[in-house]
Amino acid sequence: MKSVPIIIDCDPGIDDTIALLTAFVSPELEILGITPVCGNQPLERTVRNALQVCELGGRPEIPVHAGCFRPMLRDPIYGQFHGKTGLGNTVLPDPVKTVEAMSAVDFLIDTLERAALSGEHVTVCCLGPMTNLAVALRMRPQITRGIARVVMMGGAYREPGNRTMTSEFNMLADPHAAHVVFSSGVPIVALALDATHQVMLKPEHVAQFVSVSGAISKTLGELMAFWDRNDVARYGSRGGPLHDPLVIAYILAPQLFETARARVFIEYESELCMGQTIADWYGKSGREPSAEIVTKVNAEGIIAFFLERLARYTEKVAA
Ligand code: BDR
Ligand code: CA
């Protein structure tokens, strides 16, 4: 099978890290670059974390391009559940690898323009606020021709928000950027809280993941233990959702997901509902659908999928 060229736009972040580590051991994916953005942490930190995670996962050759320093218009809000550094209590070695000279926005434009010319369209995975892609689209709208699709984590349709009553973190952190991307006409697959809350990572899953993941098991155990506390405290649920890793799972195992098409609107004016994602399920707006929204996830299948992928780190050590 020919590999799928992807760019991973992210704000690591504990769940971003698990998504990256999963992508690293998936040869079906050709990771062209990683583009950290200001999100869960200030840019300096998400860049550093991305560099460290590339080294942790044995993929130091993947270029990391620093993205936008701030959201398009609003002030940064930063994540609340990833600890002081964005990686919980985990301390990784200082990275040897360095960030590329080219900015994330220029990298997106350059790569997507080339993809438009070659016809080898690129999947853009958005795991954080969508500032980088939105700015690139504002600079060169024609880059949509190089995008196969955007597969993104963010939003809350039939679920309430996780950062405010109405809004999910990535959408609230840069609602203007989300509006730009969702109105660009590019094909979008949206993994919102409606999807991610269907896959709760319970302590017994964490134990299984840790036991199979060889080279990264210590770090994975720490990250997952830190992450797990959040939703137990917040929703009273046993275990927490994996959020960002589902983007990678969707690309590699789409049979585990069901979707419905709808026009998506992002609220970016109201103080009360800032960042809310609204789906026109019934065609009330008279506008064409703009996204495939994931409505159903096979949770057992997803856990088995991650278990199988993360077990590849054992093989890495053995090799
Ligand atoms: C999203 O917000 C961030 O804190 C996570 O990394 C994820 O991308 C979930 O709402
Ligand atoms: Ca994220």
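Since every read-out is calculated from the coordinates, none of them should be taken as a lab result. Just so we're clear, the structure is a prediction, and the values are computed from it rather than from any experiment. Cβ placement follows ideal geometry from the backbone for every residue including glycine, while neighbour counts extend to all protein chains displayed.
Quick notes
- Using a simple spin-label model with pseudo-atoms 7 Å out from Cα toward Cβ, ASP75 and ARG234 lie 2.2 nm apart.
- The residues packed around ALA260, meaning those with a beta-carbon under 13 Å from its beta-carbon, carry a net charge of 0 if Lys and Arg are +1 and Asp and Glu are -1.
- Cα gyration tensor shape of the range 10-168, rounded if a/c is under 1.5, else prolate or oblate by comparing a/b with b/c: oblate
- Karplus-based coupling profile of the range 203-219, in residue order and whole Hz: x, 5, 5, 4, 4, 5, 4, 5, 5, 9, 9, x, 4, 10, 4, 5, 5, with θ = phi - 60° in 6.51 cos²θ - 1.76 cosθ + 1.60 and x standing for Gly or Pro.
- Calculated FRET efficiency for the pair SER183/ARG261, C-beta based, R₀ 22 Å, to 0.05: 0.90
- Taking label positions 7 Å along the Cα-Cβ direction at both LYS84 and GLU113, the computed distance is 4.3 nm, reported to one decimal.
- Partner lysines for LYS97 [C-alpha distance under 25 Å; skip if fewer than 8 residues away on the same chain]: LYS84, LYS218, LYS316
- Restriction of the chymotrypsin sites (Phe, Trp or Tyr not before Pro) in the range 265-314 to DSSP coil positions whose beta-carbon has at most 12 other beta-carbons within 10 angstrom yields TYR282.
- FRET E, pair TYR282, ALA148, Förster distance 30 Å, beta-carbon r, rounded to 0.05: 0.60
- A cut-off of 5 Å between modelled amide H atoms, ignoring neighbours fewer than 5 places along the same chain, links VAL4 with LEU29, GLU30.
- ASP106 sits among other residues whose Cβ lies under 12 Å from its own Cβ, and their net charge, with Lys and Arg +1 and Asp and Glu -1, is -2.
- Per-selection Kirkwood Rh - the range 95-203 (Cα, Å, 1 d.p.): 15.0
- Subtracting the Cα-Cα distance of ASP94 and GLU44 from their residue separation scaled by 0.36 nm leaves 16.7 nm.
- Between ALA225 and ALA299, the distance separating the two model label sites (each 7 Å from Cα on the Cα→Cβ line) works out to 2.4 nm.
- For THR85, residues with placed amide H under 5 Å, excluding near neighbours: none
- Summing charges over neighbours of ILE77, with a neighbour being any other residue whose Cβ is under 10 Å away from its Cβ, gives 0 when K and R count +1 and D and E count -1.
- Over the range 4-318, the reciprocal of the mean inverse Cα-Cα separation, the Kirkwood hydrodynamic radius, stands at 19.2 Å.
- Distance from the alpha carbon centroid of the range 132-164 to that of the range 70-111 works out to 17 angstrom.
- Within the chain, percent of DSSP bridges classed antiparallel, to nearest 5: 35
- The C-alpha atoms of the range 219-319 occupy a region whose extents along the principal axes are 57, 32, 21 Å, arranged from largest to smallest.
- Interchain or long-range residues, amide H under 5 Å from ILE188's placed H: VAL150, GLU292
- Rounded to the nearest whole Hz, the Karplus-based 3J(HN,Hα) values (6.51 cos²θ - 1.76 cosθ + 1.60, θ = phi - 60°) of the range 265-274 follow the sequence 10, 10, 7, 10, 10, 6, 5, 5, 10, 3, with x at glycine and proline.
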